[in-house]
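Below you'll find the structure, written out as structure tokens, and then a few comments.
Read the figures in this text as sums done on the coordinates, not as results from a lab. All values reported here derive from a predicted model rather than from experimental measurement. All Cβ positions, glycine included, derive from the backbone under ideal geometry; neighbour counts span all protein chains shown.
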Amino acid sequence: ALKENWQPVLLLVPYSVGAAALAYVWQKRKEVRTWIKVAQENRERAFREMERAVEQFKKQNPGLTSESVLSLSFKDLHKNLQDGQLSPEHVLYTYIEKALEVTNQVNCVVDYLQECEQQLQEMKRNPRKGLLYGIPVSIKENIDYKGHYTSLGFARFLDKKASEDSVVVKVLKKQGAIPFVKTNLSQSMLSYDCSNPIYKQTKNPWNPKKTPGGSSGGEGALIGGEGSVLGFGTDLAGSIRMPSSFCGICGLKPTEHRISKHLVRTTTPGQKSLASMLGPMARDVDSLALCMKAVLCQDMFDLDPNVPPLPFNDEVYNSKKKLRIGYYDRDGFWLPHPSMRRAVMETKKLLEAAGHTLVQFPLPDVEDAIYSMIRKGVFADGCAVLREKFEWDVIDPNLTEMVALCRTPVLIRKVMAFFLKFWDKNTARSIVMSCGIRSVKDLWSLHVKIENFQKEFVNQMRKLEIDVILCPALGPALTIGYPQKASDAISYTVLYNHLNFPAGVVPVSKVTEEDEKQLSLQTPQTRLEKIFYEGVKGGVGLPIAVQCVALPWQEELCLRFMKEVETLTRNLRYYS
């Protein structure tokens, strides 16, 4: 009889567990949406604080104009601040106002670092002028700044604020720079678009229908829209270089650990197969060089012993020695936009006319590197960390396909890849690589393969006696929503994360009607290339850049090469 009485209760257990699980999920998602709402309200409050600060400064200084600051190049701005012809207050509040104007157009600023006002007062009491004295600096949202969110576009990280400044922020402050805003990024930083469920989509300042690139798209849009003179982004697969290319500015991805990454957040901490790096973004190469000179200082070396004590080498940057330059206009894997190839070949001719030697550089198998090393290494855990990050979060529409794949059981992924390979070989290989690595032994074997690839690449450069490499930068900007559908297009930038080489981009031209015509005549070889070609249509007038590359730890040589390209292509460029 007792057994019979318990039977109905036992039958209810699964339903009770299911109901409890659903209630837990509902509660978690409710919390997430609450955090997002609070973050959005905080941002609106921050914008009001920016408006208040600007209005107050203008009332106290009625004779000062914004144009006297905004019209200056970084070089002149720096000189006037050092000489005392301009005050840090005038410069800061001018750029606060300009940043507000730009973000109202393209949605690139996510937070106001109100502490910058207090920093101004402290600078008045301390007469010491650092190398970046009075320069306003914008920083990507994933860089820790005490008292502010570092969410990476995830609502789950909005439950607490940073307890300490990152090392790079500390060094910038010691050099007199004034961090004043944080900028938008793509959720998870694994997309070269720029949107997330918290701060929404950032637009390209050249064309609001186009993406600014990602994941450092907020920086690209703000600097490209002239709302900041100097910023910092991060780069795992081109996340500094693509926004710089798309928005018509300069950007540098240094060698890993040349600048401290301490308290600069990443979605997949512990992933060592592909080097992520922090680097500067600005409107010209001299700005990047001065920034590197400023941060490569004793303060940086003391605060982070993982950074080698290598001060900036002015002699290399200012050298006039003729260079032996390797070049290529396509990587043999991804069919480039016609303007990408044209930009490289026009730059090549100008470099040759200036006395440099150009040598065609034979690339190794980029397709094999993309699939059997890069994707395999990044997703070595079978997407376990990504699944965890997205578990209770709101998913950005641009990432739904990637997240769905991460959540699919590995066995089903393998079955999907088996059937898909007859129709779309590259997508099938991507799915296989997302299944993870079976053992530690296999992971170590992958690392050996990566090291051998790096050695072979360096040996090829040395065999040809090449100093630097000239090659395409991805461009022009794609229509919003397309980057995640054509993810393999990152091959032109991710190669140099894979090699851990310093690489920078310089705008050299703009898309022409002839480029657009040639685009219509080209035949994409894969489904993903066809999607990419649809995404880059309508790009006439958008900026096009080239990529400049040097061997590890030779950032000064890379910048020197970038400066040479910038100078020689001045007449080709889209701005005066």
>> With a cut-off of 8 Å between alpha carbons and a minimum separation of six or more residues, what is the relative contact order of the range 31-312 in percent?
In response: 18 percent
> Rg and Dmax of the range 367-447 over Cα atoms: what are they, in angstrom?
Replying inline: 12.9, 37
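Which of the peptides 434-440, 100-106, 468-474 is most tightly packed, and how do the rest follow, going by the mean number of other Cβ atoms within 10 Å of each residue? Before the final figure, lay out the partial values.
Numbers: 434-440: 14.6, 100-106: 18.0, 468-474: 26.4.
The most tightly packed comes first, giving 468-474, 100-106, 434-440.
Kirkwood hydrodynamic radius, computed over distinct alpha-carbon pairs, for the range 31-312: how many Å, to one decimal? Can you show the working numbers first?
Details: mean 1/r = 0.0540 Å⁻¹.
Across the range 31-312, the inverse of the average 1/r is 18.5 Å.
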>> For V110, what residues show an amide H to amide H distance below 5 Å, using hydrogens built from the backbone and excluding near sequence neighbours?
In response: K182, T183, N184
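Using Cα-Cα distances under 8 Å and only pairs 6 or more residues apart, what relative contact order does the chain have, in percent? Display every interim value, and only then the final one.
On the way: 1160 pairs, mean separation 86.3, N = 576.
Over the chain, the number comes to 15 percent.
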>> Suppose each label sits 7 Å from its Cα in the direction of the beta carbon; what would the R324-K124 distance come out to in nanometres?
In response: 5.8 nm
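Where the only charges are on Cβ atoms (+1 Lys, Arg; -1 Asp, Glu), what is the dipole of the range 76-123 about its Cα centre, to the nearest 20 debye?
Details: 2 positive and 9 negative charges, 33 e Å.
Dipole size: approximately 160 debye.
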> Just one of [x] 1.08; [y] 1.00; [z] 1.03 is Rg/Rh (Cα atoms, Kirkwood Rh) calculated from these coordinates, so which is it?
Replying inline: [y]
> Distance from the Cα centre of the range 494-508 to that of the range 314-370, in angstrom?
Replying inline: 12 Å
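Given the pairs K37/K203; K79/K200; K320/K349; K321/K349, which are separated by over 26 angstrom at their Cα positions?
Working: K37/K203 22 Å; K79/K200 37 Å; K320/K349 18 Å; K321/K349 18 Å.
Listed pairs above 26 Å: K79/K200.
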>> Rounded to the nearest 20 debye, what is the charge dipole size of the chain about its Cα centre when +1 sits on each Lys and Arg Cβ and -1 on each Asp and Glu Cβ?
In response: 760 debye
> What ³J(HN,Hα) values, in whole Hz, does the Karplus curve 6.51 cos²θ - 1.76 cosθ + 1.60 give for the range 99-106 when θ = phi - 60°, with x put for Gly and Pro?
Replying inline: 4, 4, 4, 5, 5, 5, 8, 10
>> Roughly how far apart, in whole Å, are the Cα centres of the range 398-476 and the range 517-557?
In response: 20 Å
>> Rounded to the nearest 5, what % of DSSP beta bridges with both residues in the chain are antiparallel?
In response: 65 percent
> Setting aside same-chain residues fewer than 8 positions from K124, which lysines have a Cα under 16 Å from its Cα?
Replying inline: K173, K174
> By residue number, which cysteines of the chain lack any other Cys whose Cβ falls under 4.7 Å from their Cβ?
Replying inline: C108, C116, C194, C247, C250, C291, C297, C435, C471, C548, C558
> Which one of L152, G84, A221 is farthest out on the positive end of the charge dipole of the range 31-312, using unit charges on Cβ (Lys, Arg +1; Asp, Glu -1) and the Cα centre as origin?
Replying inline: L152
